[in-house]
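Okay, structure first, notes after.
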Amino acid sequence: MKTPPNMFMLLSLTLFFLSSIYFSKSNASDDFFCNADDKAALLKIRDHFGGPNGRLDDWDNNTECCDWNFVGCGRPYPGRVTGVTIGRGWGLSGTLPAEFGDLPYLSMLSLAEMPKVTGPIPNSFSKLKRLENLDLGSNSLSGPIPEFLGKLKRLQEVDLSNNKLSGAIPASLDNLQSLSQFNVSFNQLCGAIPTGLSKFAKSSFEHNKCLCDAPLAPCKGGLASTK
Ligand SMILES: *[C@@H]1O[C@H](CO)[C@@H](O)[C@H](O)[C@H]1NC(C)=O
Ligand SMILES: *[C@@H]1O[C@H](CO)[C@@H](O)[C@H](O)[C@H]1NC(C)=O
């Protein structure tokens, strides 16, 4: 029996629709579908920085967070947020929200050149076990460089320069085998530079209160024991 031409059309239209549904679904789960926990954390961060009409106003609950400005999701973790790179000088103000620590797949966090971003580096950042690049340069952060940074073994690049950080550089940072860039210049740090960091340039340490030892000048007398 001869199939009428309109049956062919129906069949191919059906196939076309089925395949487009299939492809949009697989595409969504790879690139655009946003993990609900990650989205909830990002919305709390948005609300911390001024709410839905604030500086992060395109972080809209009705859209997929992987499409938001400054947010990256990536393989091999479909739908998980792997990068938050806020535009330099984007003008956020306030403390760093603890909820950044609730993005367990984060490998890149950049929030820099915002003089109204103040306060300490939150303890919750100790949960960011996949963090490779931390750029918090040229804000107004205060308090110590946290000891736990030494436990974030994947760290490769750390820029904390040009803030108001004080205290010593924790000796735990000696443990960071993958560290290839490090900058804590222009802070109020004091004490001996851990030997594992002596390979970095002077300009990574200059303009602090009283940092000493290589690559800067040797610590004098009791300074080295100022932990
Ligand atoms: C986002 O939308 C979900 C689902 O509609 C809802 O359960 C959740 O409370 C919303 N979150 C915020 C912060 O508005
Ligand atoms: C460290 O940062 C300061 C100021 O942000 C900059 O002037 C200096 O060149 C940087 N040094 C390195 C080694 O990146």
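Please count, across region 69-226, the pairs of lysine residues with Cα atoms under 15 Å apart that sit 8 or more places apart or on different chains.
Eligible lysine pairs with Cα atoms under 15 Å apart amount to 7.
Can you give me the relative contact order of region 105-227 as a percent, contacts being Cα pairs under 8 Å and 6 or more apart?
Relative CO of region 105-227 lands at 19 percent.
Tell me the trypsin sites (Lys or Arg not before Pro) within region 152-222 that lie in a loop according to DSSP and have at most 12 other beta-carbon atoms within 10 Å.
Qualifying residues, ordered by number: 199, 209, 220.
Going through region 31-140, which trypsin sites (Lys or Arg not before Pro) have at most 10 other Cβ atoms within 10 Å and a DSSP loop state?
Those satisfying the criteria are 116.
For residue 58 and residue 140, calculate 0.36 nm times their separation in residues minus their Cα-Cα distance, and state this gained length in nm to one decimal.
Result for the pair: 27.0 nm of gain on full extension.
Readers should treat all values here as calculations from the given coordinates under stated rules, not as data from a laboratory. Model, not experiment: these values are computed from the prediction. When we count neighbours, we look across all protein chains shown, and the Cβ atoms used for this are built from the backbone with ideal geometry, even at glycine.
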